[in-house]
1. Tell me what the chain gives for mean residue ellipticity at 222 nm when only DSSP H runs of n ≥ 4 count, each as -39,500 (n - 2.57), the sum divided by the residue total, rounded to 500 deg cm²/dmol.
2. Take the solvent-accessible surface of the protein heavy atoms, probe 1.4 Å, and return the percent of it on the chain that carbon and sulfur atoms account for.
3. Any idea how far the Cα center of region 128-159 sits from the one of region 165-196, in Å?
4. Quick query: amide H of Ser4 versus all other amide H atoms, modeled in the peptide plane; which residues come in under 5 Å with a sequence gap of 5 or more or a different chain?
5. Leaving out ligands and nucleic acids, and using a 1.4 Å probe, what accessible area per residue does the chain come to in Å²?
6. Quick one: order Phe53, Phe320 from most to least accessible surface, probe 1.4 Å.
7. Cut-off 10 angstrom, C-alpha nodes, Gaussian network model of the chain. Which of Ser203, Ser174, Ser189 fluctuates the most?
8. Report, in debye and to the nearest 20, how large the dipole of the chain comes out about its Cα centre when Lys and Arg carry +1 and Asp and Glu carry -1 on their Cβ.
Amino acid sequence: MQKSIGFLSFNHWRDVPGSVVRSARDSLIQSIELAVAAEEVGVAGAFFRVHHFAEQQASPFPLLAAIAARTSRLEMGTGVIDMRYENPLYMAEEAAQTDLISGGRLQLGISRGSPETVVAGYRHFGYVPAEGQTDADMAREHTDAFLGAIEGRPVAQGDPRMGVRGGVAIQPQSETLRERVWWGSGNSSSAEWTARQGMNLMSSTLLLEEKGIPFDELQAEQIGLFRRTWEQSGWQRTPRVSVTRSVLPIIDDETRLYFGARSRRDSQDQVGVIDGFTSRFGRSFIGEPEQIVAELGKDQAVRDADTVMIAVPNQLGVDFNARLLQAVVQIGGELGW
């Protein structure tokens, strides 16, 4: 299957030895520069994690709009926005404006969110689940309102005194944005739900379920279930599916210094407990490029996906990661991506 290669940055900054990303400004400016460099070496997408109450980027739309203005072909997106924190209508306005600036290149990953550093942080943003709701229910409620808003669903009544009658949608609208919304799915049931909502599937290096089979096979099962449910739901377009992989080719002395000792330790799946769920974490692919070609070629979920996101070590800087991504593009070429 022909594949699109993107990078996924966690946007960490930390004023510590070894990091060239010491501040929030460093993280933002270098993210823009890396997106520009990625487009130049043939990468198709730039995606960014969104976290609150952490030394990572939070509100993503200024960054995505800046990247849109500096690039011409590159997709830009998120992986993922935590919908528990979002005002759906304001987010719909921001997303539409960013997509219009980009000329329709926004790929917006959203989800219930991941474990965070504070307790129920969304409450401090003014969002509290209704009685009988969970925070996941609230995230899906926000998602429904957001999707309706970008579809042009009326959300307010016009004021006849201002010459406006009937239902009024948010503005601006970006015509095809609804087709470029992804849901970050961590298990089979959410993959089915994603398909029924008509959203693309974004699957990462962590699944909140464990069946005793290798991660790539577990993820391939999730992808297959998503696609079957999509077909049963009657959607007319073909959905996109992404997987994220840590791919760290050893191409010179510097990459060997950083990653050589990790190649054996991180080359196996890991099992742990996240949010009370026994979870399986995907392995890293570390080694000489020809070794990575052979190993990635056996990854069932990578074969089944149309988009592969490469998690980059952003604190090592733009030049380092541009070289890493160029090597990954060459690996992709060897694999027929």
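1. Working: 11 runs with 129 residues, N = 337.
Calculated at 222 nm, the ellipticity per residue is -12000 deg cm²/dmol.
2. Numbers: 7730 of 15340 Å².
C and S fraction of accessible area: 50 percent.
3. Comparing the Cα centres of region 128-159 and region 165-196, I get a distance of 11 Å.
4. The answer is Thr307, Val308.
5. Working: 15340 Å² over 337 residues.
So the chain comes to 46 Å² accessible per residue, rounded to a whole number.
6. Numbers: Phe53 105, Phe320 10 Å².
Ranked from most to least accessible, the order is Phe53, Phe320.
7. Sorting by GNM fluctuation, first place goes to Ser189.
8. Values: 33 positive and 43 negative charges, 68 e Å.
The calculated dipole for the chain is roughly 320 debye.
The values are calculated or read from the model by the stated rules, or taken from the named source; none is laboratory data. Just so it is clear, the model here is predicted, and its values are computed rather than measured. Backbone-built Cβ (ideal geometry, glycine too); neighbour counts: all protein chains shown. These area figures cover heavy atoms from the full protein model, side chains too; ligands, DNA and RNA do not enter into them. Shrake-Rupley method; radii C 1.70, N 1.55, O 1.52, S 1.80 Å.
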